[in-house]
Amino acid sequence: MKKFSILLFILLIAFSNCESDDICLDSTTPYLIIRFYDADDPDTIKSVSSLTVWANEKDSIYTSEALDSITIPLNLNENSTIYKLQSDTEIDQLNITYDRTNVYISRSCGYKTIFENVAVTSTYNWIKDFTLTSTTIENETNAHINIYH
Amino acid sequence: MRISIFIISLFVSIVGFAQQKTDTLKLKQTYGLRVGADISKPITSFIDSDKKGFEITGDLRFSKNHYAAAELGYEDVITTEDFITFTTSGSYIKLGVNYNAYRNWAGMNNEIFFGGRYAFSFFSQTLNNYTPNSYGTYFEADLIEPNTEYKDLSAHWLEFVAGMKVETFKNIYFGAQINIKKLITTKEPDNFENLYIPGFNKVFSNDLGIGFNYSISYLIPIIKKTK
């Protein structure tokens, strides 16, 4: 009888502790990845010597940094995000539109948003050209936009 | 003197007779249907308003140490995780056998049992709300309240049961048991998952579950058999 209740107690402790799925370890909503290339030699990565990035009417994410790529979040409550990219004194505006789909991941991670039918327009001050590598943003393995300058 | 000896002998024989009678009674074992209810569920409902439910238990002794056992229940439970809140409601049935491993002294009817169950649940999940998970705080996602109801979901699983039953008053039993569960199949909702199943409780990542049951049951005596 005593041994049995000890067994029950051990089982109780063992099972109440096995909550390994309580920490979110999966990848969640992806950020937009932009890489900068040389406009004269489109296969060569070219850093922007002093880059400042901010979303419309928000604080800057990067301030006067030398970067060859940036990862920036998209607005999860609206179907478009406007980003301002400043190189030295010139400012260009990226207008990103998309459809949002929320995809179930797991108990601890909940849902992530993936972006489909992505379209981008840009002003051309310091940015010479850009290409959108995919119309779907669902992971962070590759750059989604290449900017030539 | 003679009279007093007679009286004493009579008394002894009466006592002896009475003893004899109880001895034969002790050898009789009651077979019958035992019905009860899980008393932990209404207590849990009272403490935690997110958890409502009841469970009826029953078992039928069909041999010296074997009992056909069943549990029948209903649950309506709200689960809150870090990024999601959902409601599960549905019924379940569990059928199986218990084996009593406890050797009672004559006249006692207690049990330490082990058993197995096949269980089936039929339920619905309602995704009450969620916040899309995004790292960083530059853009914060609003809470989305879809209240989507996923109906006609089901699950089958197996349980290993261990527990005890104690006859506290004549034919009234207090029981406690632990159930370790393993899912066999589930019908999952689209773009969501059965994270809680009535009768199974929380579904752990490896399809395992655990449950406890504290019951009061009454034995309806049907036949008394001599051992």
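FYI, it's all coordinate maths here, none of it is from the lab. Model, not experiment: these values are computed from the prediction. In this analysis, Cβ positions are derived from the backbone assuming ideal geometry, glycine residues included, and neighbour counts consider all displayed protein chains.
Here are a few things to note about the model shown:
- Set side by side, the residues A:92, A:43 differ, and just one is surrounded by fewer than 13 Cβ atoms within 10 Å (Cβ to Cβ), more than 15 Å from the chain's Cα centre (by Cα) and over 30 Å from residue B:148 (Cα atoms), which is A:43.
- When restricted to residues that are assigned to a strand (DSSP E or B), of a type in the set (Val, Ile, Thr), more than 13 Å from chain B (Cβ to nearest Cβ) and surrounded by 15 or more Cβ atoms within 10 Å (Cβ to Cβ), the stretch A:108-143 contains 2.
- The residues on offer are B:193, B:140, and the sole one that is on the phi < 0 side of the Ramachandran plot and either among the hydroxyl-bearing types (Ser, Thr, Tyr) or surrounded by fewer than 16 Cβ atoms within 10 Å (Cβ to Cβ) (or both) is B:140.
- Condition check for residue B:208: more than 10 Å from chain A (Cβ to nearest Cβ), within 22 Å of residue B:115 (Cα to Cα), surrounded by fewer than 18 Cβ atoms within 10 Å (Cβ to Cβ) and not charged (D, E, K, R): no
- Of all the residues in the stretch B:77-96, those that are surrounded by 17 or more Cβ atoms within 10 Å (Cβ to Cβ) and more than 14 Å from chain A (Cβ to nearest Cβ) number 8.
- Residue B:184 being outside any loop (DSSP other than H, G, I, E, B), more than 10 Å from chain A (Cβ to nearest Cβ) and in contact (Cβ under 8 Å) with a residue 40 or more places away in the chain: no
- Cβ separations smaller than 6 Å between residues 6+ apart or across chains give the following pairs from the stretch B:211-222 residues that are within 14 Å of another protein chain (Cβ to nearest Cβ) to residues that are in a strand (DSSP E or B): B:211/B:179; B:211/B:201; B:212/B:178; B:213/B:38; B:213/B:177; B:214/B:176.
- Within the stretch B:132-154, considering residues that are part of a loop (DSSP other than H, G, I, E, B) and in contact (Cβ under 8 Å) with a residue 12 or more places away in the chain, the one farthest from the other protein chains (Cβ to nearest Cβ): B:147
- Leading residue by the ranking (farthest from residue B:67 (Cα to Cα)) among those in the stretch B:114-131 that are touching a residue at least 60 places away in the same chain (Cβ under 8 Å) and more than 10 Å from chain A (Cβ to nearest Cβ): B:125
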